[in-house]
Amino acid sequence: MEKINDLIRDHLAEIINREVDLSPGIFISISKVDTSADLRYAKALVSVFPEKNRATGLKVLKKNLYQIQGALNQKLHCKPLPKIVFISDETEKRADELEQIFKKIKTERK
């Protein structure tokens, strides 16, 4: 299953990079893909940079989902073809929040 997830992640990243028209300065990264055991669904965890444009980036992906799904279906050679669901990856945001907390604690101890 890990190979399938990696393959889907790589193809999605390529498709988004080449075929989705993003506003200048917005970068979208597929951090992880989790495919269901029956291969019917694949959750793609998406990071949008800069963070302030996350909602815009996800909106663009959802608007272009049909096009992205079609391009992915042409690249994958498996049955059934998983339906892609984009989900915001909060990992970076949480890591930044923790870093700020640690900096604050360090400053208070001085």
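The values are calculated or read from the model by the stated rules, or taken from the named source; none is laboratory data. Computed from a prediction, not measured in an experiment: that's the story for all the values here. All Cβ positions, even for glycine, are placed from backbone atoms using ideal geometry, and neighbour counts span all protein chains on display.
Scanning the range 94-109 for residues that are surrounded by 10 or more Cβ atoms within 10 Å (Cβ to Cβ) and more than 28 Å from the chain's Cα centre (by Cα), which turns out nearest to S47 (Cα to Cα)? The selected residue is K103. Restricting the range 32-56 to residues that are without any contact (Cβ under 8 Å) to a residue 40 or more places away in the chain and out of contact with any Asp or Glu (no Cβ under 9 Å at 6 or more places or on another chain) leaves a set whose member that is surrounded by the fewest Cβ atoms within 10 Å (Cβ to Cβ) is A37. Looking at the range 8-31, can you tell me whether even one residue there is within 11 Å of the chain's Cα centre (by Cα), buried (at least 18 other Cβ atoms within 10 Å of the Cβ) and of a type in the set (F, W, Y)? No, there is no match, as no residue in the range 8-31 is within 11 Å of the chain's Cα centre (by Cα), buried (at least 18 other Cβ atoms within 10 Å of the Cβ) and of a type in the set (F, W, Y). For the range 60-93, a residue qualifies if it is modelled with pLDDT under 85 and under 16 Å from the mean Cα position of the chain (by Cα), and the qualifying residues are E90, T91, E92, K93. Here is the figure for the range 57-91: residues that are out of contact with any Leu (no Cβ under 9 Å at 6 or more places or on another chain), touching a residue at least 12 places away in the same chain (Cβ under 8 Å) and not aliphatic (A, V, I, L, M) total 4.
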